[in-house]
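So the structure is just underneath, and the comments pick up after that.
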Amino acid sequence: MELALFIIFGLIAVAGALNFLFQRHPINSALSLVTVMMSLAVLYWSLGAEFLAAAQVIVYSGAIMVLFVFVIMLLNAGEEERTTGSRMAYIAGFPGAAAIFCLLSFVFLTERKALGNANIGGYLNNFTSNISEISTVLFTKLLLPFEVTSVLILVAILGAVVLARKEQ
Amino acid sequence: MTHLLDSLSEFQIFLLITIVKVVVVLVITLTAVAYTVLLERKLIGRMQNRWGPSRVGPFGLLQPLADGIKLFLKEDLTPLATEKPLFLIAPIIALTCALISVATVPFGAMHRVVVNGKANADIFQIADINVGLLVILGITSIGVYGIALSGWASNNKFALLGSLRATAQVISYELALGLSLVGVVLRAGSLRLRDIVDVQSTHGLLSWNILGGFAREPDGHGVVGWTVVGGFQLLAFFIYLMAAYAETNRSPFDLPEAESELVAGYHTEYSSMKFAMFFMAEYANMITVSCVATLLFFGGASSPLGHLLPDNFGGPILAAIFPILWFVAKIFCFLFLYIWVRSTLPRFRYDQLMDFGWKFLLPVAMANIVATSLVLALRG
């Protein structure tokens with residue numbers, strides 16, 4: 001059951017990501033991204049992390065992406081124009097990307113023993129999915145990163161306010 | 001028949017029961033949606049000193065049927081300059097999201113059915129999820145896409161303005177709505193809707209969150225009294241109620257479809273069944289919001305009399321039906337309130353709407369969380 005869900009929604013996520021790149025209109029790209037987020041939520045759910053799945057839907061699909069769509073609607077962004085791309089991209093880009101891919105797969109394959117392996121369509125133990133367990137870890141072991149992240153977001157909000165403020 | 005059931009595996013029986021539950025709940029919800037429309041027309045009629053629909057069937061009771069037939073038979077127009085795929089998918093998103101959230105609502109007391117000693121399923125709730133409340137909030141937040149896309153895909157300035165208003169309003173009020181529920185979750189210590197209802201069903205009416213949550217003290221010495229935590233939830237309830245009216249785009253926050261300025265708002269260009277889907281989504285959302293209010297503040301399907309009547313009063317079948325009757329009665333009260341408010345209050349201005357949400361409801365909801373968690377921390 002978990003394996004079937006993993007395959008179906010994994011494929012949907014990959015298809016959504018590709019569609020995101022190939023669509024010309026920003027609103028279609030944004031909607032493909034929503035599809036990716038939702039299928040990731042299903043994958044979390046099939047792993048047994050219900051809270052993470054619900055948070056993923058509420059935060060990413062329900063709040064952040066709605067704002068994206070809202071801004072695209074408000075600015076009335078037009079279709080993107082396709083160019084053939086610069087010559088540098090063809091000369092340096094494709095070999096570079098291939099080299100990085102080869103390097104990464106080489107490192108992962110050689111360090112396979114140290115990294116360990118996971119089953120496709122597995123199921124997490126209850127400790128990681130339980131809300132009270134998550135909050136205990138978040139407020140004891142990971143308290144500093146948690147608080148620092150909130151300060152970071154606050155700084156971002158202040159920056160947005162400064163940028164949007166009218167000159168007096 | 002029993003032979004057939006024997007040959008099925010546990011998973012197949014579970015699947016079968018779930019499908020039956022989904023179909024039954026869907027039919028009941030859609031009927032309720034149709035009759036909520038009639039209720040609204042009737043009540044508003046009476047409040048404006050006229051009769052409301054009274055020609056089709058006795059007391060106009062067949063009016064929803066006539067409306068449905070009319071909407072089905074109307075010509076389905078699609079304007080030329082629309083963004084076709086999004087124009088088609090927007091009403092589907094709106095209606096599906098409105099209907100899915102009913103799946104987590106427990107309608108009655110827990111009744112497990114065991115088939116052949118194999119699978120057992122709760123017949124009065126489709127899915128018992130341990131983060132049920134978050135699932136409802138998540139699905140509601142996805143429903144915004146239906147409204148946003150319909151306005152954009154229509155290629156019509158009124159529709160676009162309506163959907164921009166609706167999206168901005170829903171995003172703003174979602175925060176206050178979610179935060180107002182945190183106090184209740186803190187008190188129950190769980191996001192599972194059954195647990196939240198169980199906490200409120202110990203002493204009938206007095207244990208409901210709205211009335212202060214009369215319960216045994218948490219230290220467990222058998223002392224019975226009002227928990228201070230419950231007292232704050234009256235405040236939370238009013239925040240929830242106002243945020244919920246804005247979330248469902250209902251009066252006095254119905255700016256997205258303000259007919260005097262925007263024709264009909266985001267569904268201006270829609271006709272026939274596509275329009276009907278938006279219409280049904282709006283009323284299904286009203287019902288969902290009423291369900292959540294009932295579950296979180298009014299003790300869900302628990303009786304207001306508590307255990308004054310014996311639990312098996314009137315035999316097993318009546319004992320199973322009574323909780324559902326209480327639940328339906330509570331939801332009816334909320335729907336009545338919705339309609340009453342609509343015919344009483346004038347519409348807000350847009351800046352008033354935003355000020356009210358961000359500068360009043362949100363801070364009060366946050367203060368409620370701080371106060372509730374302080375009291376819980378000091379006592380427990």
Quick one: putting +1 on the C-beta of Lys and Arg, -1 on the C-beta of Asp and Glu, what dipole do you get for region B:233-380 around its Cα centre, in Debye to the nearest 20? 400 debye
Once the Cα gyration tensor of the protein assembly as shown is diagonalised, semi-axes √(5λ) in Å: 39, 33, 27
Within chain A, excluding any trypsin sites (Lys or Arg not before Pro) found in a DSSP loop (not H, G, I, E or B) and having at most 12 other Cβ atoms within 10 Å, the longest uninterrupted segment runs A:83-140
Please state, rounded to one decimal and in Å, the Kirkwood hydrodynamic radius that region A:1-106 gives when every pair of distinct Cα atoms enters the mean of 1/r. 16.1 Å
Please list the radius of gyration and Dmax for region B:233-336, considering alpha-carbon atoms only, with Å as the unit. 18.2, 57
Between B:Gln12 and A:Ala15, what's the calculated FRET efficiency when r is the beta-carbon distance and R0 is 22 Å? Round to 0.05. 0.15
Whenever you get a sec, line up B:Ser172, B:Ser260, A:Ser105 from highest to lowest accessible area (probe 1.4 Å, protein heavy atoms). B:Ser260, A:Ser105, B:Ser172
The distance between the Cα centres of region A:47-70 and region B:66-129, in whole Å, is 21 Å
Taking 0.36 nm per residue of sequence separation and subtracting the Cα-Cα distance, how much length would be gained by fully extending the chain between A:Phe108 and A:Val137, in nm to one decimal? 7.5 nm
Starting from the 7 Å offset along Cα-to-Cβ, what nm value, one decimal, do you get for the label separation of A:Ala97 and B:Ala66? 6.3 nm
What is the average number of partner chain Cβ atoms found within 10 Å of a Cβ in A:50-59? 5
For B:Val24, B:Val289, the accessible-area ranking with a 1.4 Å probe, largest leading, is B:Val24, B:Val289
Only helices counted: for chain A, with every DSSP H run of 4 or more residues adding -39500 (n - 2.57) and the sum spread over all residues, [θ] at 222 nm is -22000 deg cm²/dmol
Give, to the nearest whole percent, the P(r) tail of region B:73-379 beyond 33 angstrom, counting all Cα pairs. 31 percent
Tell me the angle of helix B:10-47 to the major Cα principal axis of chain B, expressed in degrees between 0 and 90 and rounded to the nearest ten. 60 degrees
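The values are calculated or read from the model by the stated rules, or taken from the named source; none is laboratory data. Worth saying up front: this structure is predicted, and the values here are computed from it rather than measured. With ideal geometry, Cβ positions are generated from the backbone for all residues, glycine too; neighbour counts draw on all protein chains shown. We work out accessible area using only protein heavy atoms, side chains counted, and drop any ligands, DNA or RNA first. Shrake-Rupley method; radii C 1.70, N 1.55, O 1.52, S 1.80 Å.
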